[in-house]
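The values are calculated or read from the model by the stated rules, or taken from the named source; none is laboratory data. What you see is a predicted model, and the numbers here were worked out from it, not measured in a lab. In this analysis, Cβ positions are derived from the backbone assuming ideal geometry, glycine residues included, and neighbour counts consider all displayed protein chains.
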Amino acid sequence: MTTVAYPGGAAAHSAAAAERLFPGDRDLVSLETFADVVEAAASGSVAYGVLPIENSLAGPVAETHDLLYDAPLSIVAETSLPIRHHLVARGPLAESEVRVIRSHPVALEQCRKLLGRLNGVRAIAASTTADAAAQVAESGSPGEAAIASERAASIYGLQVIAHDVGDHPEAFTRFVSVATYTRIDSAGEAWRTAFSFVTDHRAGALHGAIEPFARHGLDLVQLVSRPIPHSPFKYRFDAVLAGRLLEPTTRAAFAEVRTRVRDLRVLGSYPAGA
């Protein structure tokens, strides 16, 4: 049986993503943090890990990007889920009575209008939206609420006191599964290759690094900058291109890019998710 780890409890969005990515015979393992999932997958104690990596409104999930950059893991699959945020509490609670809101930082970022309306409310970050719901369910303090899913509210016996509190009516989060191997097969038509690179810090270095992809007709579907630890105000670039890792054009482009950058790492190759 395939073992799959994800962050948060059964109420987490990552649990729903794991169910979609692994619909067959699998054993889903709930872990507390993103780092725990990466460690479990890297050590071989589970076959796969599932993590959120990008939101259609808030952008990249920085923690996942940084963990995967340093881990001996590759992205092997992806899927996207619609995300709806609700304000939940232990019982009926007027907005004016809310003193504390718990949620994942990305969810808090997507609910700025709510937080602005609740002027003075204390926002507390949780490792997942499901954990935020669990913390509210276990707390005896008055005025506590969480931004979480209806699934989380149902599992933890909470009441939805405000539906769809996100700033936008529709948002999606992309989740990836990671493993200790890199896919080189060619199942499916649409394909993605994720990679990371560091350029010299000089004028035109970034343009020079990505120019070969355009010349070879490869579409860069994502380009994200992330700070390099211990190198203040210097950055690496995480990117995703449309194409298989071992296609001749992809290989030719990467061969050119490698001569133009200080460091290049392939982070996975996988079918484009729905």
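Structural remarks
- Residue within the stretch 81-94 that is in a helix (DSSP H, G or I), within 12 Å of the chain's Cα centre (by Cα) and closer than 13 Å to SER14 by Cβ present: no
- Unique residue being assigned to a helix (DSSP H, G or I), surrounded by 22 or more Cβ atoms within 10 Å (Cβ to Cβ) and not polar (S, T, N, Q) when the list is ALA134, ALA146: ALA134
- Within the stretch 1-33, tally of residues that are assigned to a helix (DSSP H, G or I) and over 19 Å from ALA153 (Cβ atoms): 3
- Each residue in the stretch 211-234 was checked for being in contact (Cβ under 8 Å) with a residue 24 or more places away in the chain and under 24 Å from LEU67 (Cβ atoms), and 6 of them qualify.
- Residue match in the stretch 13-29 (condition: under 22 Å from GLY273 (Cβ atoms), at pLDDT below 95 and among the β-branched types (Val, Ile, Thr)): no
- Number of the condition not met by ALA123 [criteria: (1) within 24 Å of ALA194 (Cα to Cα); (2) surrounded by fewer than 19 Cβ atoms within 10 Å (Cβ to Cβ)]: (1)
- Annotation: of all residues in the stretch 247-274 being part of a strand (DSSP E or B) and not aliphatic (A, V, I, L, M), the one that is farthest from VAL50 (Cα to Cα) is ASP263.
- The residues of the stretch 34-76 that are outside any loop (DSSP other than H, G, I, E, B) and hydroxyl-bearing (Ser, Thr, Tyr), listed by number, are SER43, TYR48, THR64, TYR69, SER74.
- Reported count of residues in the stretch 193-235, each being out of contact with any helix residue (DSSP H, G or I) (no Cβ under 7 Å at 6 or more places or on another chain) and not in a loop (DSSP other than H, G, I, E, B), is 17.
- Selected residue [under 30 Å from TYR181 (Cα atoms) and at pLDDT below 95] from ALA40, ALA47, ALA62: ALA62
- Of residues in the stretch 169-200 being among the charged types (D, E, K, R), in contact (Cβ under 8 Å) with a residue 40 or more places away in the chain and more than 19 Å from ASP66 (Cβ to Cβ), the one surrounded by the fewest Cβ atoms within 10 Å (Cβ to Cβ): GLU170
- Hey, SER30 within 23 Å of ALA239 (Cβ to Cβ) and surrounded by fewer than 21 Cβ atoms within 10 Å (Cβ to Cβ) or not: no
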